[in-house]
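The values are calculated or read from the model by the stated rules, or taken from the named source; none is laboratory data. Note that this is a predicted model, so its numbers are computed, not measured. Here the Cβ positions follow ideal geometry from the backbone for every residue, glycine too, while neighbour counts run over all protein chains shown. SASA here: full protein model, heavy atoms, side chains in, ligands and nucleic acids out. Shrake-Rupley method; radii C 1.70, N 1.55, O 1.52, S 1.80 Å.
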Amino acid sequence: MSTNASQPEVFDMEIEPTRIPRTLLIACLVSVGVHVLALGVLGVIKFAQNINSVASVSTVVDNEGDDSFQPRFDSTVSDQIGTEGDVANFSASQEASSVLTKDTQAEIERSVDSSVVVSVSAPTTDELPRPSKTDVLASVATSGTTEHAGGVNGAIDRLSWEIANSLREKKTLVVWVFDVSPSLSGRRAQIADRVENVYKQLTQLNVGADKALRSAVAVFGEKCTIVTDKPLDDAEDLVKTVRKIKSESSGTENTFAAVNLVANKFKSQSDRDHRVMMIVVTDEAGSDPVNLEQAIVTCRKYQIRCYCVGDSAPFGRETVESQFEMENGETVIGVMQKGPESFYPELVRLGFWGTHSYDLDDMSSGFGPYALTRLCSETNGLYFIADNGRGQHQFDAAVMRNYSPDYRPIPTLENDLRHNKAKSSLVQACAALVSETQRRKVLSIAMPRLDFKADNDTVLRQELTEAQKPIADLDLSLDSLLRLLEQGEKDRAKIKEARWKASYDLAMGRTLALRVRAFGYNTMLAEMKANPKKFETAGNNQWRLVPANDITSGATTKKMASKAKEYLSHVIDDHPRTPWELLAKRELGVPLGWEWKESHYDANPPMAAGNQKAAGPKIIETIDPVTKKKVKKQVNNEPPQRRDI
């Protein structure tokens, strides 16, 4: 038997992995494709319906004229002091502008067939509160917060808008802080009359209902007093309290100490649901600028907005003087600190030769005092100018807006000065001028002596010698002032701000012009003293020096005169309708040279008639320093005395 017949035959096989049949795979792919296509068609149909629904809603709302929608802005107050004008990010108003200017309705109409209309009723919603102006500007860098409201009544009306805006968002406590200076008594009465009407209007608008608006009153002079320990709900009580305020004539107004005290007193009234607004009513700048920074820190910490109803600061000056009748009937020359309008002194104050300048003493700058305006700026408030129309010269607020003082943080201002020699030399020159004026008075000479008696040469020489003495000192002071300003000429072109440009050019032009006048004047007197002129007309006995176009005091003086005219012309051409232009034109209105004119004077003038009766004594009321009671006092009819009021 064969062995192969009993053993099974074995084959080598290669086993392949399990595979999905090709027909089944194709069927699955077709099914998935059909379902995806179906879902896509359904999605497009639904999307078109939704867009038409939105389009219908937008159209209905637009037709109804519902303008209640307003953008919301972040008004959170940061701890950093300063408006920080140099920002790299878009401001809140710019962001809002980029969104609100998009024509959403037009885009929808382009993407949807206009034949498809779905009628959907506009949803009914509560009116959104309109953000206040200060909220909108809270995160936007501004160059200042002075507003010309049209006098006291206009300022109070404008404040009512601010109060109404605040009440739409939160319950509001308005704290009125009144200066008790005698010069402010009329304004307090005017405000009391206006406030009563304003509060009635707020109630009618229903923004002051349910005790949402409350008020408090404080007064300040040398000291601050909280008149209403608890807030008032009734407008009549507020008006009565204001009318009872008595004037004090200490001559000191510690404004910022008062702001700090009031802020700490009512800080508990400022929280998530309540706001505190502080309104300072004054006509001066405040005697305690040293307390400004602390007042800003306190108000910002408790989110208290500060507003002010006050006067405009005089242009380039700290104080002004004017005749004033006190409440007791006494007439005084009131000295009031109303400025300055900027942190650094920027105006070189020199006398005008050959023309008057009395109309410039109280010329308005168009801005509030620096410290009070900065307080308002740092706390998102406003400074309202209440003395519109003061002085003979008025300047367009729209033009002056380009010349606003710099309210950025003081370290920023100091850094600018360090990096621009023109600015720093101007500030140093202004400070040096003030110091020199207080020490020797020569820089404040309004006009030198122009008439010289010449009965004989000896008399003439004596008068010329006496006239030369103060002018020689003046020329030395002007030379020192000019050298200081010239140190900044190389950086003049780097100045970007219109205010600084105008101030520097005016300072250079006026200093050069006055030096030309002074040097030429001294030269003319020296030449006359060395070689006295002969009179051409018989009987004349006096020489008079008058301004002339020709400059005869040398080539150096002529070159200086040309440079002065160049700087002053820059001011006139580059800064029209501003105080700088006015001063430059006033300076150039008188020729820079001199010439002699002969004349006659009467050596024995007739005596003035002495038939005028002297006015009798005047009776005034005053406070007895011992009894502290009012007493009547007789005062002689003498010239008014200077007094801080």
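Here is how the numbers come out for the structure above:
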read-out: Of residues in the range 338-374 being among the aromatic types (Phe, Trp, Tyr) and over 13 Å from the mean Cα position of the chain (by Cα), the one farthest from residue 471 (Cα to Cα); value: 344
read-out: Verdict on residue 526 being on the phi < 0 side of the Ramachandran plot and in a loop (DSSP other than H, G, I, E, B); value: no
read-out: Residue in the range 511-549 that is nearest to residue 591 (Cα to Cα), counting only those that are open to solvent by 70 Å² or more (accessible area, probe 1.4 Å) and under 55 Å from the mean Cα position of the chain (by Cα); value: 549
read-out: Residue check, residue 390 modelled with pLDDT under 90, of a type in the set (Lys, Arg) and surrounded by fewer than 23 Cβ atoms within 10 Å (Cβ to Cβ); value: yes
read-out: Filter result (assigned to a helix (DSSP H, G or I) and free of Cβ contacts under 8 Å to residues at least 60 places away in the same chain) within the range 450-467; value: 458, 459, 462, 463, 466, 467
read-out: Failed item, numbered, when residue 305 is tested on (1) open to solvent by 40 Å² or more (accessible area, probe 1.4 Å); (2) within 19 Å of the chain's Cα centre (by Cα); (3) of a type in the set (Lys, Arg); value: (1)
read-out: In the range 327-359, the residues that are touching a Pro at 6+ places or on another chain (Cβ under 8 Å), modelled with pLDDT under 80 and open to solvent by 20 Å² or more (accessible area, probe 1.4 Å); value: 327, 331, 333
read-out: Selection count, the range 466-478, where residues are under 12 Å from residue 526 (Cα atoms) and open to solvent by 50 Å² or more (accessible area, probe 1.4 Å); value: 2
read-out: Failed condition for residue 398, given (1) free of Cβ contacts under 8 Å to residues at least 24 places away in the same chain; (2) of a type in the set (A, V, I, L, M, F, W, C); (3) within 28 Å of residue 491 (Cα to Cα); value: (3)
read-out: Residue list for the range 313-326, filter: touching a strand residue (DSSP E or B) at 6+ places or on another chain (Cβ under 7 Å) and either on the phi > 0 side of the Ramachandran plot or surrounded by fewer than 23 Cβ atoms within 10 Å (Cβ to Cβ) (or both); value: 318, 319, 320, 321, 322, 323, 324, 325, 326
read-out: Matching residues in the range 367-401 - criterion: being within 23 Å of residue 588 (Cβ to Cβ) and not β-branched (Val, Ile, Thr); value: 391, 392, 393, 394, 395, 396, 400
read-out: In the range 362-384, residue most open to solvent (accessible area, probe 1.4 Å) [restricted to those that are within 12 Å of residue 314 (Cα to Cα) and not polar (S, T, N, Q)]; value: 362
read-out: Those residues of the range 164-195 which are crowded, with 22+ Cβ neighbours inside 10 Å and among the small types (Gly, Ala, Ser), in sequence order; value: 166, 181
read-out: Candidate set: the range 194-236, residues that are among the acidic types (Asp, Glu) and without any contact (Cβ under 8 Å) to a residue 12 or more places away in the chain; chosen: the one nearest to residue 275 (Cα to Cα); value: 210
read-out: Filter result (under 21 Å from residue 196 (Cα atoms), open to solvent by 30 Å² or more (accessible area, probe 1.4 Å) and in contact with a strand residue (DSSP E or B) (Cβ under 6 Å, 6 or more places away or on another chain)) within the range 215-240; value: 226, 227, 231, 232, 233
read-out: Test for residue 310: is it more than 21 Å from residue 642 (Cβ to Cβ) and buried (at least 24 other Cβ atoms within 10 Å of the Cβ); value: yes
